[in-house]
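Student: Would you mind keeping the following structure in view while I ask a few things?
The values are calculated or read from the model by the stated rules, or taken from the named source; none is laboratory data. Source: prediction; values computed, not measured. Counting neighbours? That spans all protein chains shown, and the Cβs are built from the backbone with ideal geometry, glycine included. Areas reflect the complete protein model, heavy atoms only, side chains present, ligands, DNA and RNA absent. Shrake-Rupley method; radii C 1.70, N 1.55, O 1.52, S 1.80 Å.
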Amino acid sequence: MDTGGNSLPSGPDGVKRKVSYFYDPEVGNYYYGQGHPMKPHRIRMTHALLAHYGLLQNMQVYKPLPARERDLCRFHADDYVNFLRSITPETQQDQLRQLKRFNVGEDCPVFDGLFSFCQTYAGGSVGGAVKLNHNICDIAINWAGGLHHAKKCEASGFCYVNDIVLAILELLKQHQRVLYVDIDIHHGDGVEEAFYTSDRVMTVSFHKFGDYFPGTGDIRDIGYSKGKYYSLNVPLDDGIDDESYHFLFKPIIGKVMEVFKPGAVVLQCGADSLSGDRLGCFNLSIKGHAECVKFMRSFNVPLLLLGGGGYTIRNVARCWCYETGVALGTEVDDQLPQHEYYEYFGPDYTLHVAPSNMENKNTRQLLEEIRNNLLDNLSKLQHAPSVQFQERPHDTELPEADEDQDDADERCDPDSDMEVDEKRPIPSRVKREAIEPERKDSEAPKGTAEQARGFDNMATNETLSTKSVDVRPMAIDEPTVKVEQETSNKASDPIYPKS
């Protein structure tokens, strides 16, 4: 199998890309609970499509090394991480005060294997950042990541650990400036808050605004102190379509790339901005959503692609499969291949689905006002800010691969002795999800309480010093050990009924 990761030429640049893809076969087993709209099973569905379309053979495929406690504590408070590690469904009734303190219980329930789940998805995102930092790939993908609402001291909006902030902190070891772009329907509040006073990270969020979770993301929120004008918020209304979205996305991001000149880009590809999402109210097609990936790819800057929201899971799998093809420069056939989750995609069994005829409440006048406002803010930004010289954190080392590990199944054994905290081995058996039919109405919406922005919760102050310099290197990904394609086809994965 070709595991070089070289992609086909694509777009006007015609440059091949090396793509690293992170996936843990256990991730689909984690289960938020009955009726909860967040379903990690969608990651396994995405992986199955990638396998049967033959896309895995064009990428370097890695099983992420779980993030350790000290890795998570580079951003999150120690007591919060300790809480996530210790809480279980059996003990939660004894910790009611802690549950309330850390906002865990309703939108963010306690479930079997919670901490292992957090370690897994965070490990994939930071592992991708490590690969980019070491020039092992041009694009890194972790569809299990992108949980952008988590705060330093609390869970929020189905998110417990903010893998995005952790990945950006890793990228800042190598790059003076990092750009974060968020196309989830919900505002990327946790990431914005973390870097609100920093001029080394620019955050740009395109989101539904107005009586919608999390309630933040006003166009007037532009950053503070050194970070002034380094936070951009693009507030949108119901029904936005592909044309209207890119009327804003392309000129704004084009100007950001020109002025900010990031050394690396993180793109959160939340799929709840697609038409027909269970919790969303936008009207983007999969191609329209993926056009954002294609546009970011065209700049030839190291790119980390992450997942995020997305609650009509058959469409989430469609979207992230197609966007993986975009990253590779491979056009994916619209007719879905036969695979273990084929029945989810009836009656058409196609990759693309037509947008609805819902009303677009984003008038051209409103869009022009937003675009002009944000372009004006960008004009006030100094070009490519210089960074004061300071001692840089040690690069994360990539140890040599163990040449004795030749068997793919053995390498993927969840019980194998990988570099995880020896005191807390990661359990390989968690409660399996019983898939429920997806409902057409927007049930179980996210909470409505707005999270107050506290500057004490930021990952960086004006010198980017909070927990980002005096920390030991993070060994997050399984170095140079690839998970072969056959791993995805193990018979141990159950075949679920059509959702």
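Student: Here are Glu359, Glu343: which of them is assigned to a helix (DSSP H, G or I), in contact (Cβ under 8 Å) with a residue 40 or more places away in the chain and open to solvent by 70 Å² or more (accessible area, probe 1.4 Å)?
Tutor: Glu343
Student: A further question follows. Take Val161 and decide whether it is crowded, with 24+ Cβ neighbours inside 10 Å and over 15 Å from the mean Cα position of the chain (by Cα). Quick ask: steps written out before the conclusion?
Tutor: Values: crowded, with 24+ Cβ neighbours inside 10 Å: yes; over 15 Å from the mean Cα position of the chain (by Cα): no.
So Val161 does not fit the description; no.
Student: Looking at Val110, Val165, Val126, Val130 in this structure, which one is under 20 Å from Pro66 (Cβ atoms) and free of Cβ contacts under 8 Å to residues at least 24 places away in the same chain?
Tutor: Val110
Student: A further question follows. Looking only at segment 67-107, which residues are in contact with a helix residue (DSSP H, G or I) (Cβ under 6 Å, 6 or more places away or on another chain), open to solvent by 10 Å² or more (accessible area, probe 1.4 Å) and in contact (Cβ under 8 Å) with a residue 60 or more places away in the chain?
Tutor: Scanning segment 67-107 gives Glu69, Cys73, Arg85.
Student: Looking only at segment 346-356, count every residue that is without any contact (Cβ under 8 Å) to a residue 60 or more places away in the chain and open to solvent by 30 Å² or more (accessible area, probe 1.4 Å) and tell me the total.
Tutor: Total meeting the criteria: 3.
Student: Here is a follow-up. Is there a residue in segment 207-215 that is closer than 30 Å to Phe111 by Cα and open to solvent by less than 10 Å² (accessible area, probe 1.4 Å)?
Tutor: Within segment 207-215, one or more residues are closer than 30 Å to Phe111 by Cα and open to solvent by less than 10 Å² (accessible area, probe 1.4 Å).
Student: Can I ask one more? What's the total number of residues in segment 113-146 that are touching an Asp or Glu at 6+ places or on another chain (Cβ under 6 Å) and either more than 26 Å from Ala290 (Cβ to Cβ) or in a loop (DSSP other than H, G, I, E, B) (or both)?
Tutor: Total meeting the criteria: 1.
Student: OK, next. Can you find a residue that is part of a loop (DSSP other than H, G, I, E, B), at pLDDT 95 or above and surrounded by fewer than 21 Cβ atoms within 10 Å (Cβ to Cβ) anywhere in segment 283-294?
Tutor: yes
Student: Right, here's the next one. Starting from residues that are more than 24 Å from Leu179 (Cβ to Cβ), touching a residue at least 60 places away in the same chain (Cβ under 8 Å) and not in a helix (DSSP H, G or I), keep the ones in segment 295-331 and report whichever is most open to solvent (accessible area, probe 1.4 Å).
Tutor: Restricting to residues being more than 24 Å from Leu179 (Cβ to Cβ), touching a residue at least 60 places away in the same chain (Cβ under 8 Å) and not in a helix (DSSP H, G or I), the top hit is Thr330.
Student: Please count how many residues of segment 17-46 are among the small types (Gly, Ala, Ser), touching a Phe, Trp or Tyr at 6+ places or on another chain (Cβ under 7 Å) and not in a loop (DSSP other than H, G, I, E, B).
Tutor: Count: 1.
Student: Among what's in segment 47-94 and is assigned to a loop (DSSP other than H, G, I, E, B) and in contact with a Gly (Cβ under 7 Å, 6 or more places away or on another chain), pick the residue that is farthest from Lys151 (Cα to Cα).
Tutor: The qualifying residue farthest from Lys151 (Cα to Cα) is Leu55.
Student: Out of (1) farther than 22 Å from Cys118 by Cα; (2) open to solvent by 10 Å² or more (accessible area, probe 1.4 Å); (3) charged (D, E, K, R), the odd one out for Lys152 is which?
Tutor: Result: Lys152 passes all but (1).
Student: Name every residue in segment 249-280 that is over 25 Å from Cys321 (Cα atoms) and open to solvent by less than 10 Å² (accessible area, probe 1.4 Å), in order of residue number.
Tutor: Within segment 249-280, Ile252, Val256, Val259, Phe260 qualify.
Student: Please enumerate the residues belonging to segment 163-187 that are within 21 Å of Tyr224 (Cα to Cα), in a loop (DSSP other than H, G, I, E, B) and touching a helix residue (DSSP H, G or I) at 6+ places or on another chain (Cβ under 8 Å).
Tutor: Arg177
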